[in-house]
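None of the figures in this text is laboratory data; all of them are computed from the coordinates on show. Source: prediction; values computed, not measured. Methodologically, a virtual Cβ is constructed for each residue, glycine included, from the backbone with ideal geometry; neighbour enumeration extends over all protein chains shown.
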Amino acid sequence: MKKRRVAVIGAGITKFVRRAQETGKELSFEAVRMALDSCDMRMQDIDSVTMGTAPDAFDGVHMKGEYLSDGAGGFGKPYMRNFVGGGTGVFAPIHGWFHVASGMFDTCMVVTSEKMSSCYPHPQAAFITIFDHTTEQPLFPTLIWIFAMEMNRYMNTYGITKEEIAQVSVQNKKNAIDHPSAQLGKEITVDDVLNSPVMAWPVNRLDVSPASDGAAAMILASEDVAYRYTDKPVWLDGVGFNLDTAYWATRDLYYPRYVEKAARMAYDMAGIKEPDREIEIAEPYDPFSYKMLHHMEGLQLAPRGKAAEMVTSGATARDGDRPMCPSGGALGVGNPIAATGLMKVIEIFLQLRGEAGKRQVPGDPRCGLAQAWGDLMQVGTVVVMRR
Amino acid sequence: MSITEKIHKTTELTNFKGQIPTNYLYTYGIAGENFFRKIKDEGKFTASRCEECDVTYLPARIFCERCMGHLSKTIEVKPQGELYSFTVCWENMDGSRKTEPDVLAAVKIDGTDGVLVHYLGGVSLDEIEIGMQVEAVLKPKKDREGSIFDIKHFKPSAK
Amino acid sequence: MELENYPLGGKALSDKDLENSLFVKHKPSLKYAWDNGVAISRYLAELKEGRIIAKKCRKCGRTLVPPRMFCELCWVPTDEWVYVEDTGVVNTFSLCYINWDASLVPKGKDPHIPAVIELDGASKGMGIMHLLGEVELDKIKIGMKVKAVWKAEKEREGSITDILYWKPLE
């Protein structure tokens, strides 16, 4: 199958806040404007637009893709919406990759936008509907249940402690202090995490990322077009995505096999044989502290049950052997569901170009990875990026 | 291969009832806040102009959807315009019949490319004509809240 | 209209700011009657009788709960109906101090205890989500055996809530 090489040439992220005054359209515009300015492009140079945005139930706006389209630059252009829960942030650039790699379009604007604050009594309430309406919803479940049960199973299978997992919150929230869009960048300690209120044991409040409003945008271009706008394109060399069954209680939750499958798809495409050696910097999805560890193992970047040791030893710090979430992740920067994953892809983009400012990882990394996850613990989406 | 068992009698069909129990609070946004405060405090309409695309948007916006330019300036326009289209509505949301019909109008505001949708009042059905000049009737200032209902309805302009 | 921190945007509104901003509230009426289909109709009817029913897939050999008309792994129609026990093993659990709408469980009240329970008689790893009850919080262990506590027969409606919760099997 003949496909073209696709590069990321520009990007923009708004501030992530608990409640933004902007409407979803205005947030999309702000991100798109920054992305265009970052590589001196105009909207008419963009051939197609892809928008990733989470369920209509958040904003209470049906047909949300269409509603957001004018804020995304979708006016009068080929426009598609995609959505896989929290995995959307990395799924949207994969969707954009198809647009350009296929040869149909030379440039594509990838936008993700989320305005969760409109949902009352709390954005979390909208999640009751992702459970099966007949066999699970009558029990009044909340999303936190699944995370707590998954964390419990993970801890129990490998004998990992809450203290070890709490280090992830400490590391990521500290990293986020240096991110201009961050909502919760702060220096905290393991004790702060363990003493924060218990939401659903074993999850404490500081183990969880916040609900946020925010948007991010990224511009993709084919090989010949990319060099017109930048001399430092970052290539999307591998893409992978995989979905597991919605009968989630039939799967053992301690290992995300769908993340492994998505990762392998991306590694095969990028020609990566030893990911734990060749991937120099990674942004695994971290809506909860233990998830970063869970995903590191699914991505084959840590042996099973051993990811926590890598955090304890300092290997995952910015100046460590295997930096993880140098941006500060969802825990520190914020979690507007669809936009978080794209924030991570943009972080790898900036890191590989040496443009991450105070967050820059030393050693001139050339190959990085971003991953997102979502739905009823079902989807893994992965991109491998190289300069 | 198809499913091996089917329910053949419709009286044996069962369903499970439930709902999506969320409600919503929508901020107007930066542009919307601006537009409706101007109506609330001063009874005036505001529009945004994009010089590059030669388009004047109403309600005012912070960006041009064609070129993604940032529109920071607003211009005042009179609350009047041309009847672009209309419909006469005889049914309520639940399907029951109205005793008096509502007339919904799309009004192209003079000097802009923007169209506002609102009620048309103070006119009998046989007098309505596409293209006729109409003007907004606002609530008295003390009753205005910064909502689309600060406009009571549009009515034909005096000849 | 200036964008605060142009072009970064994302103008934060605190609860106090919100009171001074313009907004509109809306409660949509989103009510549903979800068709049960053949499999779930039978599942709910059996729950009303105080029994849990499953369906077998001969191709992969799994016994599926909740029952389904086709096996999602083999992609073929499923075969016999079989009953499974109302006992099982706890695969994982949590102690939850917040309600579905993010409000807090009042101080002093017991937390919700969601769990995945692998049912006896179903395939290994075939679990359903439900609640635990009548159990001391610090005695709950992954791997412990539990039994369903059912509503009184006349109160059952044909719903997953006909099982009130699962308690430890002595």
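Taking amide H atoms as placed 1.01 Å from N in the peptide plane, the amide H of B:F63 lies under 5 Å from those of B:L71, each 5 or more residues away in sequence or on another chain.
Ranking A:T230, A:G74, A:A211 by Cα position along the charge dipole of chain A, where only Lys, Arg, Asp and Glu carry charges on their C-beta atoms, puts A:T230 farthest toward the positive end.
Taken about its Cα centre, chain B carries a charge dipole of about 460 debye when Lys and Arg each add +1 at the Cβ and Asp and Glu each add -1 at the Cβ. Rounded, prolate or oblate for the protein assembly as shown? Axes are the square roots of the Cα gyration tensor eigenvalues, ordered a ≥ b ≥ c, and the cut-off for rounded is a/c under 1.5. The shape class here is oblate. Taking a ≥ b ≥ c as the square roots of the eigenvalues of the Cα gyration tensor of region C:2-160, is the shape rounded (a/c under 1.5), prolate (a/b larger than b/c) or oblate? Prolate shape, in that a/c is at least 1.5 and a/b is the bigger ratio. Extension gain for C:K48-C:L18 works out to 6.0 nm (0.36 nm per residue, less the C-alpha to C-alpha distance). Applying the Karplus relation 6.51 cos²θ - 1.76 cosθ + 1.60 with θ = phi - 60° to region A:248-257 yields 3J(HN,Hα) values of 5, 6, 8, 9, 7, 7, 6, 9, x, 5 Hz, where x marks Gly and Pro.
When +1 charges are put on Lys and Arg Cβ atoms and -1 charges on Asp and Glu Cβ atoms, the dipole computed for region C:35-168 relative to its Cα centre reaches about 300 debye. Computed from phi, the 3J(HN,Hα) profile of region A:186-203 under the Karplus parametrisation 6.51, -1.76, 1.60 (θ = phi - 60°) reads 6, 8, 10, 10, 4, 4, 4, 5, 5, 8, 6, x, 6, 8, 8, 3, x, 8 Hz, with x in place of Gly and Pro. Each residue, B:T10 and B:V117, gets one label point 7 Å from its Cα in the Cβ direction; the gap between the two is 3.3 nm.
In this simple spin-label model, placing a label point 7 Å from the Cα along the Cα-to-Cβ direction at both A:I177 and B:K98 gives a separation of 6.1 nm. Here's how it looks for A:V379: its modeled amide H is under 5 Å from those of A:D244, A:G374, which are all 5 or more places away or on a different chain.
Here r is the Cβ-Cβ distance between C:K27 and A:D56 and R0 is 25 Å; the resulting FRET efficiency, rounded to 0.05, is 0.95. Maximal additional length on extending the A:E355-A:R228 stretch stands at 43.8 nm, based on 0.36 nm per residue less the C-alpha distance.
Could you compute the net charge surrounding A:V17? Neighbours are other residues with a C-beta less than 9 Å from the C-beta of A:V17; K and R count +1, D and E count -1. Residues near A:V17 contribute +3 overall. Charged side chains reduced to their Cβ positions (Lys and Arg at +1, Asp and Glu at -1) give chain A a dipole of some 300 debye around its Cα centre. Highest average first, the peptides B:86-92, C:91-97, A:374-380 ordered by how many other beta carbon atoms sit within 10 Å of their residues are C:91-97, A:374-380, B:86-92.
For A:R277 and A:D37, the FRET efficiency from 1/(1 + (r/R0)^6), where r spans their Cβ atoms and R0 equals 51 Å, is about 0.85. Rounded to the nearest 500 deg cm²/dmol, what is the calculated helix-only ellipticity per residue at 222 nm for chain B, with -39500 (n - 2.57) per DSSP H run of length n ≥ 4? After summing the helix terms and dividing by the residues of chain B, the value is -3000 deg cm²/dmol.
Summing charges over all other residues whose Cβ lies under 14 Å from the Cβ of C:D15, with Lys and Arg as +1 and Asp and Glu as -1, gives +1. Can you give the FRET efficiency to the nearest 0.05 for A:S313 and A:E187, using r as the Cβ-Cβ distance and R₀ = 25 Å? E(calc), rounded to 0.05, equals 0.80. Length gained on full extension, A:M63 to A:R4: 18.0 nm, using 0.36 nm per residue less the C-alpha separation.
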